[in-house]
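The values are calculated or read from the model by the stated rules, or taken from the named source; none is laboratory data. Owing to the predicted nature of the structure, the values given are computational and were not obtained by experimental measurement. No Cβ is skipped: glycine too gets one built from the backbone with ideal geometry, and neighbour counts run over all protein chains shown. These area figures cover heavy atoms from the full protein model, side chains too; ligands, DNA and RNA do not enter into them. Shrake-Rupley method; radii C 1.70, N 1.55, O 1.52, S 1.80 Å.
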Amino acid sequence: MKGTLIVCVALAVASTAGAAVTSSTSHGDKDFVGLAQPIAAGDLLSGLIGSEQAGDIGWHGVNTAAEDQLPAFTDDHGPNGRPFYGLLNDPFNGGLGSDQPVKLVRYDLGGPKNITELRIFTGNINGADGRIFSTTVVKYSTDGGNIFQDLGYFQSDPSGTINNALAGNFFTTLVRIFDDQSPTLLSGVTHLQFNFYAVHRNNDTMHDPFDGVNPFTGGNDNLASPFTSPLVYEIDALPEPGTLALLGLGGLLIRGRRRRT
C-alpha cells in the first residue's frame with residue numbers, strides 16, 4: 001500500500017522570529033508501512049505519563065485497560081494487536097458533536113529541552129475509517145508550566161477527506177510538526193500540552209471541530225462538529241540529533257545497527 005503525503009504551514013506561534021512551523025501528513029497500513037517516519041524510541045516523552053487537564057472527557061467506554069490509555073501515548077510502540085489502544089472518548093452529545101477538545105494531556109519534561117520535531121501517530125486496526133485522522137492543538141511552556149503558548153493547530157487532512165475501503169483505505173496516520181527554516185522547532189521547553197479533538201461523524205469524513213468559522217484557521221469547512229474521536233497511538237518529541245534510537249519495522253535501530261525484536 002502506498003502512503004500519501006500532505007504538507008501545510010500551520011497557524012502557529014513559533015519560538016523564534018521568522019520561523020515557519022510546518023506540518024506534514026502521511027498515511028500507511030496496519031504495520032505503519034507508508035508513514036514518513038517510524039515511532040521514536042528514547043525521545044523526550046518516552047515513558048512519561050501525562051496529566052489530564054480540565055475539560056478532558058476521559059476514554060471511550062470500551063477502552064478500559066490501563067495500558068491502552070495514557071501509557072499508550074509514550075510507550076514507544078504501536079497497538080500490537082490491541083483494538084482499543086489509545087481510543088479517545090466520543091463527544092456524541094445527542095449527535096451535535098463538540099467544538100471542544102476531548103483529551104487534554106500535559107507533559108513535564110523535567111527541565112528545559114530543545115525539540116527538533118513533534119510526531120503524532122493515530123490509527124485504527126479495526127478498519128480503515130475516519131478514526132485514523134487527527135486534529136491537535138499543541139501548547140508549550142518555557143517557564144516551568146506557568147504560562148503556555150500555542151505552537152499551532154494541526155489537522156491531519158483537509159476537511160472533506162474520506163478514508164474507507166472505497167477511498168483512502170488507510171489504517172494509520174503520522175503528523176510531523178517541524179520548522180522548515182531551522183533544525184530546532186522549540187528551545188528551552190519545560191512542558192508540552194496536546195489537546196486532541198474529535199475528527200468525524202461516523203461517516204469516514206474529516207471534519208474540523210467547529211460548526212462555523214474555525215478560530216485557528218479563519219476558515220469554515222461548512223461541516224457540522226464531529227463526534228467520533230481518533231485512536232492516539234503515540235506522541236513523540238524528538239531531541240537534538242544523535243540522542244535517540246528509532247523503532248523501525250521489525251527491529252530496533254541503535255547507533256546504525258539493527259537488533260531484531
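Residue check: Gly86 meets all listed conditions (1) open to solvent by 10 Å² or more (accessible area, probe 1.4 Å); (2) under 26 Å from Ala165 (Cβ atoms) but one, namely (1).
Residue pairs whose Cβ atoms lie under 7 Å apart, separated by 6 or more positions or on different chains, with the first residue in the range 112-124 and closer than 16 Å to Pro79 by Cβ and the second surrounded by 19 or more Cβ atoms within 10 Å (Cβ to Cβ) and modelled with pLDDT under 95, do not occur.
Taking strands (runs of 3 or more DSSP E) that do not extend beyond the range 98-143, which have at least 3 residues that are open to solvent by 10 Å² or more (accessible area, probe 1.4 Å) and at negative phi? Here the list reads 103-115. Hey, among the residues in the range 149-165 that are under 22 Å from Glu52 (Cα atoms) and in contact with a Leu (Cβ under 9 Å, 6 or more places away or on another chain), which one's surrounded by the fewest Cβ atoms within 10 Å (Cβ to Cβ)? Taking the candidates together, the pick is Asp150.
Pairs linking a residue in the range 136-160 that is more than 13 Å from Val105 (Cα to Cα) to a residue that is part of a strand (DSSP E or B) and modelled with pLDDT under 95, with Cβ atoms under 7 Å and 6 or more positions apart or on different chains, are Asp157/Ile6. Look at Tyr153 and say whether it is hydroxyl-bearing (Ser, Thr, Tyr) and over 21 Å from Ala36 (Cβ atoms). Judged against the criteria, Tyr153 is not a match.
Yes/no matrix, rows are residues, columns are (1) open to solvent by 40 Å² or more (accessible area, probe 1.4 Å); (2) within 30 Å of Leu44 (Cβ to Cβ); (3) part of a loop (DSSP other than H, G, I, E, B); (4) of a type in the set (Lys, Arg):
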{"residue": "Ala167", "(1), (2), (3), (4)": "yes, no, yes, no"}
{"residue": "Thr173", "(1), (2), (3), (4)": "no, yes, no, no"}
{"residue": "Gln181", "(1), (2), (3), (4)": "yes, yes, yes, no"}
{"residue": "Gln193", "(1), (2), (3), (4)": "no, yes, no, no"}
{"residue": "Asn202", "(1), (2), (3), (4)": "yes, no, yes, no"}
{"residue": "Asn214", "(1), (2), (3), (4)": "no, yes, yes, no"}
{"residue": "Gly218", "(1), (2), (3), (4)": "yes, no, yes, no"}
{"residue": "Ser225", "(1), (2), (3), (4)": "no, no, yes, no"}
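Any residue that is at pLDDT 95 or above, more than 15 Å from the chain's Cα centre (by Cα), of a type in the set (D, E, K, R) and assigned to a loop (DSSP other than H, G, I, E, B) - is there at least one of those in the range 228-245? No; the residues of the range 228-245 include none that is at pLDDT 95 or above, more than 15 Å from the chain's Cα centre (by Cα), of a type in the set (D, E, K, R) and assigned to a loop (DSSP other than H, G, I, E, B).
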